[in-house]
Every structure is written in C-alpha cells, then in structure tokens.
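The values are calculated or read from the model by the stated rules, or taken from the named source; none is laboratory data. Model, not experiment: these values are computed from the prediction. Here the Cβ positions follow ideal geometry from the backbone for every residue, glycine too, while neighbour counts run over all protein chains shown. Calculation scope for accessible area: heavy atoms of the full protein, side chains included, ligands and nucleic acids excluded. Shrake-Rupley method; radii C 1.70, N 1.55, O 1.52, S 1.80 Å.
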Amino acid sequence: MWSKLLALVQMESNSTADQLFSKNKKVPCDCCQEEKCDALKSCLDCGVSYCSTHLMPHTTAAKLKKHKLISPVANLEDYICQKHERPLELFCRDDQTCVCQFCTETDHKTHTTVPIETESGEKKAQLGKTQAEVQWMIQDRIKKIEEINNSVELNKKQIEKEKKDSIEVYNALLHCIERSQAELLQVLEEKQEAAERQAEEFIKELQQEITELKRRDTELEQLSHTEDHIHLLLMYPSLCSPPHTKDWTDITINTHLSVETLRRALSQLRESLKKEMEKLPEIELKRIQQCAVDLTLDPDTAQPALILSEDGKQVTYGDKRQYLSENPKRFDVHIYVLGKEGFSSGRFYYEVQVRGKTGWVLGVAKESIKRKGDIKLEPKNGYWTVWRSKENEYKAPDSFVVPLSLKQAPQKVGVFVDYEEGLVSFYDVEARSHIYSFTGQSFTEKLYPLFNPCNKDGGKNSAPLVIMPVETFM
C-alpha cells in the first residue's frame, strides 16, 4: 500500500515538474540557417538564442561581453521589458513584478527594487519552507490513508466476527423453531395414527355386527316362508327383535386439529426462544469486551471527601472533607469523580467491582457538565448513569427515572459506550446479563467515566469502587 501511494505521489510530482520546467527543453539556435543546432545561451540584450558557434562573438567582442546571457529559453520575450526592450534585471517589490533599469527611472522611480537574483534567492528560501510543509502534508495524508485502511481492515474483522455471532444466534433460534415444529408434527402424526387405529377397531366391530345382522336377516327370511306353524311360533320369541348392537349415533372420529395442541406447542416454543434470547447479552458482552480500555481516576475532579488509591483504580468515601486546592474541574457537593481518560469517538468499555456495596453510581458524563452545587443526573444534563440505593433499588435516570428489576445484585458492572451510535449500556458481568441501555443519544463532546461510591451507610457501604482489568470469557 505504501509503495503504491509513494509511486502515485512521485508520479504527480513528476507531472508538475514537467509543467514547471518545460522551458528547459532544447531550444533551437535563431541564427542557424539550415539545420538548427541546439542553443547554448539566450541573450536578453539581443533577444536571440545562440548555439555554441554563433555565441562566439559574445565571448570575444568587448561590447558583446556586457550582454546579459541566460540559459536558453523558448519564450525569450518574457525575459525582456516590452516597454523599453531591455532585459528584466530588477524586481519591484511594490508592484511585485520584474522591471528593467529604465523602468526604475519612470513608472517605478519611487518604488523599492532589488536585483532579480536577490529576490529569487529569497523566494527560493520561502519555496524551501513551503516544499517542506507540502512534503509533511503529503506524508501526513499518506499516514492518514494507512490509518483509514487499517480502520477498514479492523472494521472488516469486527463485522466478520459479528456475522459469525449473528449466524450462531439465528441458527440457535431456527433450531428451536425446527425442533418445536418437528415435535408438533410428531404429536399430530400420533393423533392421526390413534384416530386410524380407533377407526379400524370401529370398522371391525361394525363388520362383526353386520355379519350378525345378516345372519339374523337370513333366519327371518327363512322363517317367514315356513309352512310349519308350530316351528314359527317356537322360534318367534328369539327372532322377534333385532340382535343386541351398539348405538353408533354419537360415535365419531375426531378430524379437527386441537387448538390446545397448537397453543401448547407455541407456548413451549416461546419458552425455548426466551432461553435462547437470554443468551444474547452473554454473546453481546463477549463482543464488546474487545473494546476494553485502561482507566484511572482523575484526582483533580474528585470531591474532597473521596479517597483515591495511589494507582488511581479505587475510590472510597472518607467521611471527612480533605483540604484540597480549588479547581474548576472538581465536584464540590456530590461525591463524584471522573476518569482521567475522555473519549470523543469510537467504542470503549470498562468494568467496575461493586462487590460488598449497598450504594453506588456508575456511568459516563460529558466534559461540560455542572460540577458545583446541586446536580441532577439526567441525560439532558450530560449524565448517563445507573445507580443502586441502600434500599437495594436499582434505577436508571433517563427522560424519567426507570426502576430496574434485577434477578441478583451485580458484583461487577460493565459500562459500554458506542459514541457514534449514541449508545450507553450497562451489564452484570458475572451474570452475563444486560442491565440497561440509553439509546438514540447524540454526543457532541468528550465523554468521561463517572464514579460515585456513595456514603458508608453506617459501615455497610465501606467497600471501594474498583476499576478492574477486563477478562474476556470463553
């Protein structure tokens, strides 16, 4: 990539140089009659370009030796004053133009003029500075291109990872649906098989009854044609009524799909999908942990009652205010402290141990937040936080205070920010579950991590807030 860029820059430079120095191309001698020789010099006094042969008089004749000779140029008229037909030897700094000696006695009489060589030397020095600046700008932009390319490559890897994670999630959900569908179809097939077995039994029984009825029908037919009156009377009591059979009037085969069967299958599917969806925060947390940053607390922002560890990783409430120098960055009433590191783009993530605490506040705040006097934690005031009170209540002060229902008390809280996406999310790291997210925010300035260990609550909340190294789980 670098070699291609440098080649491109070199090609552009060469093209520009060709345009600037095209005047240095070979110039034909104005005195050669037939075959034109290349000119060796151009004379500003004569207004003619000479080859080595025709230049000889200028090297021998005393009068011609005084003429102004320069490297051969095709546009010789540009080097001669059009008004006085004299060589342009001076530079007028008032009008920023080249002039001849006669010009300084007329139109430029009161102007500041210097020899062209002098002005050219100064301009060359300025060109050197400009060239150095241009070269620095070129390298800076080449570096920026490389940075952009690296960002694209990094983003490509992240997208591929997200694709893989997404495919796993959707495959798991599809597997749940396919399994539920297979189970439902199996239930329906079993119902169909049961109905077919019942139908076979009913048909078998009906056929048996039909056989018995046909036998009775034959006996009745025979008896109706007998001439033996005594025999008819003897047989009549047993044949006078149809044989005992089942009442088939209300007996049917159920051919309708049970709504309850489908409802039960969908209910089971919903539970299975819910379990799979509960795994999403774990997958999400694993991905965002790749955005972990190393944080330290900023003592210049710490409210005087807060005590920071030497390594800047822990903060506790010290009951008594310390005598600290006044600082516009310092909180004076509420016991907050910010991280030293601020972020104005990209994604960042950090984890804070809250084990053994009954109260804490964590989140991020914009750089221009109010730090003196009473403070209200709201996004419109530049605060995006989640907090726990001593009553074991968890809340997120959004556009209104949102009560949070957590299955268990978090021991370690993860905070993730996607600056461009306008997202601030909180996670229970050990439970690998999502706590709350502020979405659709618009960040326009640097964001800083915010910490509040809260008061000691009679000794129940003495444990510090600790910034922990992020350990990704498998």
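Using the alpha-carbon positions of the range 64-213, Rg (one decimal) and Dmax (whole number) come out as 48.6, 151 Å. Taking a ≥ b ≥ c as the square roots of the eigenvalues of the Cα gyration tensor, the chain is oblate, since a/c reaches 1.5 or more and a/b is not larger than b/c. Dipole orientation for the range 339-461: of the candidates Val352, Tyr419, His434, Val352 has the Cα lying most toward the positive pole (charges on Cβ; Lys, Arg +1; Asp, Glu -1). Report summary: the helix-based calculation at 222 nm, which adds -39500 (n - 2.57) for every DSSP H run with n ≥ 4 and divides by the residues of the chain, gives -13000 deg cm²/dmol. The ellipsoid that matches the Cα gyration tensor of the range 162-293 has semi-axes, each √(5λ) in whole angstrom, of 71, 11, 7, with the longest given first. Treating r as the C-beta distance of Glu393 and Asp332 and R0 as 25 Å, the FRET efficiency rounds to 0.40.
When only alpha carbons are used to place a centre, the range 182-230 and the range 288-356 end up 88 Å from one another. For the range 338-377, what is the Kirkwood estimate of the hydrodynamic radius, computed as the reciprocal of the mean inverse distance between distinct Cα atoms, to one decimal in Å? 13.0 Å is the Kirkwood radius here. Each Lys and Arg adds +1 at its Cβ and each Asp and Glu adds -1 at its Cβ; summed about the Cα centre, the chain shows a dipole of about 3000 debye. With R₀ fixed at 60 Å, the C-beta to C-beta distance from Thr439 to Glu200 puts the FRET efficiency at about 0.45. Subtracting the Cα-Cα distance of Phe400 and Glu153 from their residue separation scaled by 0.36 nm leaves 84.9 nm. Legend: residues Lys63, Lys395, Lys246, sorted from most to least accessible area (1.4 Å probe; ligands, DNA and RNA excluded), read Lys63, Lys246, Lys395. If you plug the beta carbon distance of Leu324 and Glu367 into 1/(1 + (r/R0)^6) with R0 = 30 Å, you get a FRET efficiency near 0.90. Stretched out straight at 0.36 nm per residue, the stretch from Met137 to Ile116 would grow longer than its current Cα-Cα span by 4.5 nm. Shape class of the range 319-474 from the Cα gyration tensor (axes a ≥ b ≥ c, square roots of the eigenvalues): rounded, since a/c falls below 1.5.
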